[in-house]
Amino acid sequence: MILGEVAKRLKGRYYQEEQEHGTDPNNRWRTVSCLQKAVRFGDVAMARFCASVAFDMDPKYVLRRLGIVAVEDVAAGDPFAVLAVLAVIGSSGFRKSCDERRLIIFLAEMLAEAHGDRNMTDLLNAADFDATSPKQEWAMLPSAKLGEIAVNKDVELVQRSVAIWLMAGTKKYWGHTMPTGNDRPATPVFRLMVEQGLPRAFLYGAAKTASRLNEAFWVSFYLMNEQLLATETVEVIADKVPEVPRIGKLLGAAYDMHTREGKEALRRFGGSCKAIKQFRDSTFSWQAYMTALHEAVFYVEGGVLKTRVAYAGSEEMRDLSWRNIMSRTGLPEPEHQPFFQAVAENLDYLNKLRAEVLWEKLNKK
């Protein structure tokens, strides 16, 4: 059914002007990083361009990354778009029946046109860095007991997220602080979702996120569905996307903590920007300081959504997620917002450093 609808929407769509080519596989990391930023910023033309270029470099990789983008950044903003990407990932026959490059460009376009939603990610991040849950103790509980915690609405939402994640098995679906020895089958979580009446679309999304992406996002479908059911009116919030210059053919924001050039630029930024360096004394080490800087750049630039949907508890979970993420770096909570502000005010300097790093690399070739 999903693939049939994708085929219907794809019919008559051609993207000749976006079908740029790129053949150097070493460029795929920053190209796909740019694709994800373009989706978040609602930059449809850049999303189509990056999808086409990345297709030449590694079609399987770009398709998987579109799946990650769908569940991480779109979620309830456009549930069909999420299901469409997951369905296409699992059907090589369908991909072969289409012009696969055209199909991938279309999926990137659909995600970039959608409202954003990072609530499933926030549920995981808040749980991962939550200091109130006895994770090691809970990891020893039987799945049935964890299930009782997960469905108990008298328990804090973040702790319920911890419980259902542990129930899925955090050895396979790992997190930064989740017990690595917690190896158990995920079947009880799917059984719980069915018993609790999760819609078939979300059951499909959870199952395919687990099997085709092998990512922990799938456990958040349950709590997201509960939040949506408790919502009378879904709001759409427009965030201010910072001015993002192009460095080469890509957005400057593409050079983030997950790319080699981005890491080097951030290292120079943290070491030379006076407005940023003043916060270093508030952290425990250079590593903690750089972790705080990486997260702050993501907060003010790389993770911004042009529009996002808001529903019961999602904005509160967003705030809690960021408090937990930044607190783990050692930066005191009163300094979180001033730190974000200092980073935001110096993005021009960061982009200058990104350009310097990129041209240095290109000149060495």
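Derivation of every value follows stated rules applied to the coordinates shown; laboratory data play no part. All of these numbers come straight from a predicted model, not from anything done at the bench. Glycine gets a Cβ as well: all are built from the backbone with ideal geometry, and neighbour counts include every protein chain shown.
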For the stretch 148-162 versus the stretch 336-364, the gap between their alpha-carbon centres in whole angstrom: 40
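When 29, 165 are ordered from fewest to most other Cβ atoms inside 10 Å of their Cβ, what list results? Show your work: numbers first, answer last.
On the way: 29 19, 165 29.
Result, fewest neighbours first: 29, 165.
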In order through the stretch 199-215: 3J(HN,Hα) via Karplus (6.51 cos²θ - 1.76 cosθ + 1.60), integer Hz, x for Gly, Pro: x, 4, 4, 6, 4, 4, x, 5, 5, 7, 5, 5, 8, 9, 10, 6, 10
Relative contact order %, the stretch 119-230, counting alpha carbon pairs below 8 Å whose residues are six or more apart: 27
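How far, in nm, would the chain grow between residue 239 and residue 345 when pulled straight, counting 0.36 nm per residue and subtracting the alpha carbon separation?
That works out to 36.5 nm of additional length.
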Farthest positive-ward along the chain dipole, Cα basis, beta-carbon charges - from 187, 238, 132: 187
Of 344, 288, 272, farthest towards positive along the dipole that unit charges on Lys, Arg, Asp, Glu beta carbons give the stretch 247-364: 272
Simple Cβ-charge dipole of the chain, Lys/Arg +1 and Asp/Glu -1, about Cα centre, in debye nearest 20: 1320
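Rounded, prolate or oblate: which fits the stretch 119-230, taking a ≥ b ≥ c as square roots of the Cα gyration tensor eigenvalues, rounded meaning a/c under 1.5, else prolate when a/b beats b/c?
Cα axes put the stretch 119-230 in the rounded bin.
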The stretch 247-364, relative contact order [Cα under 8 Å, separation at least 6], %: 39
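Answer rounded, prolate or oblate for the chain, using the Cα gyration tensor with square roots of eigenvalues a ≥ b ≥ c: rounded when a/c is under 1.5, else prolate when a/b is larger than b/c, else oblate.
oblate
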Phi-based couplings in Hz for the stretch 171-185 (Karplus 6.51, -1.76, 1.60; Gly and Pro marked x): 6, 7, 9, 7, x, 5, 10, 7, x, 7, x, 7, 9, 8, x
Dipole magnitude of the stretch 257-351 about its Cα centre (Cβ charges: Lys, Arg +1; Asp, Glu -1), debye to nearest 20: 300
Evaluated over the stretch 215-268, the Cα radius of gyration and Dmax, each in Å: 18.0, 47
Anisotropy class of the stretch 2-113 from Cα gyration tensor, a/c 1.5 cut: rounded
Test item: Cα-centred dipole of the stretch 124-230, Lys/Arg +1 and Asp/Glu -1 on Cβ, debye: 400
Eligible lysines near residue 153 by straight Cα distance, threshold 26 Å, same-chain separation 8 or greater: 135, 145
Residues 281, 122, sorted so that the one with the fewest Cβ neighbours within 10 Å comes first: 281, 122
Out-of-range pairs (alpha-carbon distance over 28 Å; input 249/306; 60/364; 11/208; 306/364; 240/274): 60/364; 306/364
Relative exposure of 307, 121, judged by other C-beta atoms within 10 Å (fewest first): 307, 121
Computed helical MRE - 222 nm, the chain, DSSP H runs ≥ 4 contributing -39500 (n - 2.57), nearest 500: -17500 deg cm²/dmol
³J(HN,Hα), Karplus 6.51/-1.76/1.60, whole Hz, each residue of the stretch 155-168, x for Gly, Pro: 8, 4, 4, 5, 6, 5, 5, 4, 5, 6, 5, 4, 5, 7
